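Asker: What follows is a single structure, and I will ask about it in a moment.
The values are calculated or read from the model by the stated rules, or taken from the named source; none is laboratory data. Treat the numbers as computed from the prediction; the structure is a model and nothing was measured. Cβ placement follows ideal geometry from the backbone for every residue including glycine, while neighbour counts extend to all protein chains displayed. These accessible areas exclude ligands, DNA and RNA; they are computed on the full protein's heavy atoms, side chains included. Shrake-Rupley method; radii C 1.70, N 1.55, O 1.52, S 1.80 Å.
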Amino acid sequence: MKIGAYFYILMLVCLTACQQQTKPTKPTATVDKPNIIIFYADDMGYGDLAIQNPQSKIPTPNLDQLAKEGLLMTDAHSSSGICTPSRYALLSGRYHWRDFNDIVHSMGESVFKENQVTLPKILNNNGYKTAAIGKWHLGWNWEAIRKKDFTQKEKAKHGKKEIEIWPAQAYDWGKSIPKGPLSIGFDSYFGDGTINFPPYTWIENDKVKEVPTITLQHPKKDFALEGNWELRPGPAVKDWDFYKILPTVTSSAVTFIKNQDKAEQPFFLYMAFPSPHAPIIPNEEFRGKSNAGPYGDYMYQTDDAVGQILDALKAIDADENTIVIFTSDNGSEHYAYNRIKNYDHNSSNPFRGVKRDIYEGGHHVPFIVKWPNKIKPGTKSTQLFSQIDILNTLASITNSDLPKGFQHDSFNFSDVWLTNTNEPVRETIVHNTWASKYAIRKGDWLYINNKDGYHTRIPKWFVEGQRFETAKDTVQLFNLKDDIGQNTNLASQFPEKVNELAAALINEQKTETFKN
């Protein structure tokens with residue numbers, strides 16, 4: 001009996017210990033898989049980031065701090081010199097020019113193919129809660145909600161042109177709008193679509209929150225603080241306030257982050273800012289905060305928005321296990337030229353060209369990535385990198401499955417991020433904005449298949465003040481190690497290098513094996 005009593009007590013102790021060890025614990029998904037935030041600025045130039053441009057007249061304290069706490073990639077590129085193609089490439093891991101070159105125009109169709117593999121789908125399939133907030137500009141199927149019995153278009157002015165558009169009454173706004181963010185793997189969406197494109201209303205998931213009732217044309221009593229409004233006419237809600245867009249999407253992102261406090265799954269937030277894209281409209285409390293005019297103030301407000309969202313991340317103790325990426329969809333708009341004259345601030349510094357151009361200023365963009373205790377803080381990488389590489393890199397880091405047979409243009413930079421290795425990952429990269437002009441980079445050399453790398457018109461005063469060589473050859477060749485500003489065309493001096501890179505470009509264009 002004595003032995004039996006001792007045995008009973010021993011069994012009771014063991015059973016209690018086992019129960020304590022196996023009692024339910026908080027899911028470890030957020031430990032095993034990092035959260036991910038991609039901040040995507042709109043039309044921000046490489047030279048606008050203070051930490052990499054000592055001459056910048058724009059304070060970017062939150063982004064500077066992000067770079068100090070993470071990795072600054074100094075040779076990073078968007079796929080295109082304009083927004084829609086760059087966004088498509090980032091989310092698909094595929095060069096945009098394999099499919100299209102132009103932007104999605106007003107009330108335009110989606111650029112994604114049916115069942116296309118995308119970054120949000122890959123992460124969603126791996127248990128991530130996926131959200132897109134802010135600018136979309138990748139198309140929706142607006143025709144699906146257009147009333148087919150409504151046949152009368154309306155005349156509207158777009159710049160100096162008079163065009164015909166479908167008015168607000170031509171759409172059934174109560175219906176779900178197909179082929180938007182939810183169709184490519186996002187669980188949720190909130191934003192205004194595109195700041196300067198209709199419809200001018202808030203969209204939540206796949207429905208408008210307020211029904212447009214009027215046609216918005218160019219504001220006649222108000223002016224953008226710098227440049228033009230750049231607004232396309234179209235359906236709008238009455239008294240739509242453009243100045244509320246950046247604060248509202250910022251607030252939405254903060255709310256999304258805070259709502260993840262008790263979440264049992266990791267999250268991916270694609271935060272696409274409407275700024276500093278035109279219309280350049282910083283809110284009153286941010287005016288005069290830079291020495292680069294209203295654009296500089298708008299960029300400062302964008303930096304502040306990043307800070308607000310990162311503060312929300314810290315508030316829920318999620319910053320230690322979150323990969324934060326900041327970059328831009330292309331270079332700065334052509335108003336950048338006047339900022340050089342008016343404020344001595346060069347958004348493209350040290351590059352030639354601006355948004356739309358095939359020169360570096362069109363696509364060579366800021367890129368910061370932070371992941372505490374994984375990415376060494378305060379480091380830099382000069383590796384050649386494209387935003388299309390984000391897909392493969394994040395898939396690798398999160399152990400996400402890529403569909404069998406899925407081929408893409410995306411390279412895996414996880415070793416570069418995590419070990420800062422100098423071992424080259426990407427040997428070449430193709431640059432493109434419009435169908436007629438391509439460039440290819442290989443090592444220090446860059447070849448352009450045209451005598452002119454510009455698309456944006458250059459002010460006469462700027463041309464007269466520059467020392468770029470007058471184009472003599474039909475193509476261009478630059479050594480970026482010696483000439484990062486692309487001042488001197490070396491095509492006639494190195495014909496063998498021209499032939500080598502021209503052949504490499506043609507090979508890339510012909511090798512269409514990247515099918516979804």
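Asker: Just to check your reading of the model, which residue among S410, S396, S400 is out of contact with any strand residue (DSSP E or B) (no Cβ under 7 Å at 6 or more places or on another chain), hydroxyl-bearing (S, T, Y) and surrounded by fewer than 19 Cβ atoms within 10 Å (Cβ to Cβ)?
Answerer: Matching residue, one of S410, S396, S400: S396.
Asker: Now for a different question. Being modelled with pLDDT of 95 or more, within 30 Å of N342 (Cα to Cα) and within 24 Å of the chain's Cα centre (by Cα): is that true of T433 here?
Answerer: yes
Asker: Another question, then. Only residues that are open to solvent by less than 10 Å² (accessible area, probe 1.4 Å), closer than 20 Å to A278 by Cβ and in a strand (DSSP E or B): list them for the stretch 194-228, please.
Answerer: Scanning the stretch 194-228 gives a single hit, Y200.
Asker: Then there's this: State all residues of the stretch 447-460 that are open to solvent by less than 30 Å² (accessible area, probe 1.4 Å) and either acidic (D, E) or without any contact (Cβ under 8 Å) to a residue 60 or more places away in the chain (or both); if no residue qualifies, say none.
Answerer: Within the stretch 447-460, just Y447 meets the criteria.
Asker: Residues K262, K179: which one is at pLDDT 95 or above, of a type in the set (D, E, K, R) and part of a loop (DSSP other than H, G, I, E, B)?
Answerer: None of the other options fit; the residue is K179.
Asker: Condition check: closer than 30 Å to D452 by Cβ and touching a helix residue (DSSP H, G or I) at 6+ places or on another chain (Cβ under 6 Å). Does F351 satisfy that?
Answerer: The answer is yes for F351.
Asker: Here's something else I'd like to know. Determine whether E114 is within 25 Å of N330 (Cα to Cα) and in a loop (DSSP other than H, G, I, E, B).
Answerer: no
Asker: Still on this structure, I have one more. List the number of the failed condition for T302; all other conditions in (1) assigned to a helix (DSSP H, G or I); (2) farther than 16 Å from K244 by Cα; (3) in contact with a strand residue (DSSP E or B) (Cβ under 8 Å, 6 or more places away or on another chain) hold.
Answerer: All conditions pass for T302, except number (2).
Asker: Residues in the stretch 271-279: is at least one closer than 23 Å to A132 by Cβ, free of Cβ contacts under 8 Å to residues at least 12 places away in the same chain and of a type outside the set (K, R)?
Answerer: no
Asker: Which residue out of D187, D206, D149 is under 19 Å from the mean Cα position of the chain (by Cα) and more than 30 Å from Y335 (Cβ to Cβ)?
Answerer: So the residue among D187, D206, D149 that is under 19 Å from the mean Cα position of the chain (by Cα) and more than 30 Å from Y335 (Cβ to Cβ) is D187.
Asker: Can you pull out every residue in the stretch 328-348 that is outside any helix (DSSP H, G or I), in contact with a helix residue (DSSP H, G or I) (Cβ under 7 Å, 6 or more places away or on another chain) and charged (D, E, K, R)?
Answerer: D329
Asker: From the list T255, T248, which one is within 22 Å of I177 (Cβ to Cβ), assigned to a helix (DSSP H, G or I) and out of contact with any strand residue (DSSP E or B) (no Cβ under 6 Å at 6 or more places or on another chain)?
Answerer: T248
Asker: Among (1) without any contact (Cβ under 8 Å) to a residue 60 or more places away in the chain; (2) on the phi > 0 side of the Ramachandran plot, where does K258 come up short?
Answerer: K258 satisfies every listed condition except (2).
Asker: Determine, yes or no, whether V104 is crowded, with 19+ Cβ neighbours inside 10 Å, out of contact with any strand residue (DSSP E or B) (no Cβ under 6 Å at 6 or more places or on another chain) and over 22 Å from G191 (Cα atoms).
Answerer: Answer is no for this residue.
Asker: For I133, work out the one condition from (1) buried (at least 22 other Cβ atoms within 10 Å of the Cβ); (2) of a type in the set (A, V, I, L, M); (3) without any contact (Cβ under 8 Å) to a residue 40 or more places away in the chain it doesn't fulfil.
Answerer: (3)
Asker: Would you tally the residues in the stretch 332-370 being crowded, with 22+ Cβ neighbours inside 10 Å and within 30 Å of T419 (Cβ to Cβ)?
Answerer: So the answer is 10.
Asker: Are there any pairs with C-beta distances below 9 angstrom linking a residue in the stretch 487-500 that is closer than 15 Å to R441 by Cα to a residue that is in a helix (DSSP H, G or I), with the two at least 6 apart or on different chains, and if so which?
Answerer: Correct list of pairs: L490/K497; L490/V498; A491/K497; A491/V498.
Asker: A follow-up question, please. I need the full set of residues from the stretch 155-177 which are open to solvent by 40 Å² or more (accessible area, probe 1.4 Å) and over 19 Å from N196 (Cα atoms), in order please.
Answerer: Within the stretch 155-177, Q169, D172, G174, K175, S176 qualify.
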